[in-house]
């Protein structure tokens, strides 16, 4: 590799890191008036309440638009507002991505961890809703449901469900890691997720979990 190619690669890597640092992450402990980045995000969200959960990330992002173009800031706030709305709809409470990661160090999910929420399913199991994004594409990501159930029940269900097409949006993947049951589907990513596909996934995932017979 030439010096020029190495420099180009370094610049590209630095740009990706800068974009990741500047992205709006999962909710933290900061309050709306504390003056931090997290506090500013909380204030912006509070100033743009939604009467009902946004139907898509794009619909939510439009509420934060300044001018004619949806910038990165509007997309980030829209993604956060969309996730919070969908999580609340099914009774989940957002948590920081670091809190989720601390309890699931060995749980593999596709993509880059973006947002997480904690709650209980109708059958009683504690679970986390987790959104992961593609590192390369704005219109590709994954919705995940990580369920705390017995290893044997998780393995039995994962073994009983035919493997879906990982390249097909909406196709369900079911796995187990010795601790959690993991249900995953390909979705529209940080900019094209919709409430309709989220609802279909959650309904199908919770119906599958009910087959474990626990709760």
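A few notes on this one:
- With respect to the conditions (1) more than 16 Å from residue 202 (Cα to Cα); (2) in a helix (DSSP H, G or I); (3) at pLDDT 95 or above; (4) out of contact with any helix residue (DSSP H, G or I) (no Cβ under 6 Å at 6 or more places or on another chain), residue 83 lacks only one, and its number is (1).
- Qualifying residues in the range 115-124 (those that are on the phi < 0 side of the Ramachandran plot and surrounded by fewer than 16 Cβ atoms within 10 Å (Cβ to Cβ)) - the one modelled with the lowest pLDDT: 122
- Some residue of the range 93-112 being at positive phi and either out of contact with any helix residue (DSSP H, G or I) (no Cβ under 6 Å at 6 or more places or on another chain) or without any contact (Cβ under 8 Å) to a residue 24 or more places away in the chain (or both): yes
- Residue match in the range 32-41 (condition: within 21 Å of the chain's Cα centre (by Cα), at pLDDT 75 or above and closer than 23 Å to residue 202 by Cβ): no
- Filter result for the condition that a residue is crowded, with 22+ Cβ neighbours inside 10 Å, more than 19 Å from residue 199 (Cα to Cα) and under 17 Å from the mean Cα position of the chain (by Cα), over 127, 102, 61, 81: 61
- For residue 94, the conditions (1) in contact with a strand residue (DSSP E or B) (Cβ under 9 Å, 6 or more places away or on another chain); (2) part of a loop (DSSP other than H, G, I, E, B) all hold with the exception of (2).
- Residue in the range 200-215 that is nearest to the chain's Cα centre (by Cα), counting only those that are without any contact (Cβ under 8 Å) to a residue 60 or more places away in the chain and under 19 Å from residue 56 (Cα atoms): 201
- Residue check, residue 184 surrounded by 19 or more Cβ atoms within 10 Å (Cβ to Cβ), under 15 Å from the mean Cα position of the chain (by Cα) and without any contact (Cβ under 8 Å) to a residue 24 or more places away in the chain: no
- Condition check for residue 112: under 19 Å from residue 189 (Cα atoms), surrounded by fewer than 18 Cβ atoms within 10 Å (Cβ to Cβ) and within 10 Å of the chain's Cα centre (by Cα): yes
The values are calculated or read from the model by the stated rules, or taken from the named source; none is laboratory data. Small disclaimer: the values here were computed from a predicted structure and weren't measured. All Cβ positions, even for glycine, are placed from backbone atoms using ideal geometry, and neighbour counts span all protein chains on display.
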